[in-house]
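These notes concern the structure reproduced below.
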Amino acid sequence: MRDQGRLVEWFDEKGYGFIQPNDVHKDRVFLHIKDFARTGPRPIVGCALEYTIILDERGRYRAQQVTYLKASQVFEHKTKPARPTAAKRWSPMQIGILIYIVFMVIASFSKLLPPYTLLFVSLMNVLSYWLYAQDKEAAQLGNRRIPEQTLHIVDSLGGWCAGWLAQQKLRHKTQKQPFRKIYFCTIGFHILLICWLISPLNVFY
């Protein structure tokens, strides 16, 4: 499937850069000079491009068969403007995160959870957001990525809230499968872990 976007970053001495799709909700796409369908002028930031998207061996969205577009060929992605009188509704994930945070605070202060559980989960959330940000930067620069297994482990230990926030704010890992399926499995695992901590089956507390 062909897509359109504009070149937003270009390192001419290295011969690569990044395309931002016209649909701003999509992740940026890696572009190498050799991925153009035919030779032409050197790319400049802001030029309109059409391309085919693939997922390369590094897990990046990469453009291939890239061609330049004239102004008349550009299809701008239009989003429906929000109604000024309509209040923004919370998503199910936002509601779930709020309920989880309230429960963790109450359970910790009522000593239903072992000591320092809330502190440990808070640290996992800080670590999770940092790891997602580092992985996003590595994907953009073509550097070594953070292993997905590491992200899943941190999320399963309580960092899933910040993991979801990082995915939305950084527009990272929002479309990749099976990462998304495993991410939701880590949430389920963490909920089961919390249930075990507060149950009589927890012989350590």
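The values are calculated or read from the model by the stated rules, or taken from the named source; none is laboratory data. The shown structure was predicted, so the numbers you read here are calculated from the model rather than taken from an experiment. Cβ atoms come from the backbone with ideal geometry, glycine included; neighbour counts cover every protein chain shown.
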Search result, residues across segment 113-161 that are of a type in the set (Gly, Ala, Ser) and at pLDDT 95 or above: Ser122, Ser128, Ser156, Gly158, Gly159
Could you identify the single residue in Phe109, Phe204 that is outside the structural domain of Arg62 (by TED's automatic domain parsing) and touching a residue at least 12 places away in the same chain (Cβ under 8 Å)? Phe204
Inspect all residues belonging to segment 175-182 and state whether any of them is closer than 28 Å to Arg62 by Cα, over 12 Å from the mean Cα position of the chain (by Cα) and assigned to a helix (DSSP H, G or I). yes
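Count, please, the residues in segment 31-65 that happen to be part of a strand (DSSP E or B) and within 14 Å of Lys176 (Cβ to Cβ).
5
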Cβ contacts < 9 Å: first residue part of a loop (DSSP other than H, G, I, E, B), restricted to segment 154-174; second residue hydrophobic (A, V, I, L, M, F, W, C), any location; separation 6+ or different chain. Result? Arg171/Val24; His172/Ala133; His172/Ala139; His172/Ala166; Lys173/Leu151; Lys173/Ala166; Lys173/Phe179
Conditions (1) within 30 Å of Pro200 (Cβ to Cβ); (2) part of a helix (DSSP H, G or I): number failed by Tyr129: (1)
Is it the case that segment 1-20 has a residue that's modelled with pLDDT under 85, assigned to a loop (DSSP other than H, G, I, E, B) and not polar (S, T, N, Q)? yes
Based on what the data block shows, is Thr174 touching a helix residue (DSSP H, G or I) at 6+ places or on another chain (Cβ under 7 Å), under 30 Å from Tyr16 (Cβ atoms) and at pLDDT below 95? yes
Every residue from segment 35-69 that is closer than 27 Å to Arg144 by Cβ, over 25 Å from the mean Cα position of the chain (by Cα) and either of a type in the set (A, V, I, L, M, F, W, C) or loosely packed, with under 12 Cβ neighbours inside 10 Å (or both): Phe36
